[in-house]
Amino acid sequence: MSSKIEQLIDDIEEYIDNCKPMAFSSTKIVVNKDEIDELLRELRMKTPDEIKRYQKIISNKEAILNDARSKAETLIKEATIQTNQLISEHEIMQQAYAQANEVVTMATRQAQEILDNATMEANNVRMSAMQYMDDMLANLEGITAEASRTASSNYESLIGNLNHYHDIIQANRAELHPVEELVEVDLEDSKAGLNVI
């Protein structure tokens, strides 16, 4: 089952894949700022919940260790009770002592195995959770970096286009002024010709 963060990352990737490409470009896309902001805001809101979920998994390590300790203590108590029962009978005291030592040794070994297995399992859970979160954050880091690069590129392209159109407008206006000056010169020549007559 995928996590909420994975689902959101899939949504962001799908959104980016569905964005329209920019005119005359095969690598640049047009991004709706409000939509991508909403997806990123939702991702930010979900991330703490996911982290809490994995913290609970890690905190189960303590529960596993406590359960292992409890089982170990129970085994040792049972071994101690058996030892006391065997030792209380005088006729078989030597045999009881040997059996008691064997039971205590076996119980201690089993308890140590339980503790070792519980510790190893808890560490594996912790490492898996940390690796998973690192993978998710690395993926998110790549997506946000790409979104930032795309937004920066789109902004630079927009400024370049505006400057280009500004230059064209200025050139067009400059072409209009010589026409006005020519008309004024023709009018003055016409007036001078009338005065001469």
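Yes/no matrix, rows are residues, columns are (1) open to solvent by less than 90 Å² (accessible area, probe 1.4 Å); (2) in contact with a Pro (Cβ under 6 Å, 6 or more places away or on another chain); (3) of a type in the set (S, T, N, Q); (4) under 30 Å from Tyr132 (Cβ atoms):
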| residue | (1), (2), (3), (4) |
| --- | --- |
| Ser25 | yes, no, yes, no |
| Lys56 | no, no, no, yes |
| Lys61 | yes, no, no, yes |
| Ala72 | yes, no, no, no |
The stretch 125-144, subset small (Gly, Ala, Ser) and within 12 Å of the chain's Cα centre (by Cα), residue farthest from Asp17 (Cα to Cα): Ala138
Residue match in the stretch 13-34 (condition: assigned to a helix (DSSP H, G or I), more than 20 Å from Arg149 (Cβ to Cβ) and in contact (Cβ under 8 Å) with a residue 24 or more places away in the chain): no
Inter-residue pairs, beta-carbon under 8 Å, first in contact (Cβ under 8 Å) with a residue 12 or more places away in the chain and in the stretch 36-55, second open to solvent by 100 Å² or more (accessible area, probe 1.4 Å), 6+ apart: Lys46/Lys4; Asp49/Lys4; Glu50/Lys4
Criterion: at pLDDT below 90, of a type in the set (A, V, I, L, M), touching a helix residue (DSSP H, G or I) at 6+ places or on another chain (Cβ under 6 Å) and open to solvent by less than 90 Å² (accessible area, probe 1.4 Å) - qualifying residue of Ile76, Ile92, Ile143: Ile143
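The values are calculated or read from the model by the stated rules, or taken from the named source; none is laboratory data. Every value quoted in this text rests on a predicted model; they were computed, and no experiment measured them. Positions of Cβ are backbone-derived with ideal geometry, glycine not excepted, and every protein chain shown enters the neighbour counts. In case anyone asks, the SASA skips ligands and DNA or RNA and just uses the protein heavy atoms, side chains included. Shrake-Rupley method; radii C 1.70, N 1.55, O 1.52, S 1.80 Å.
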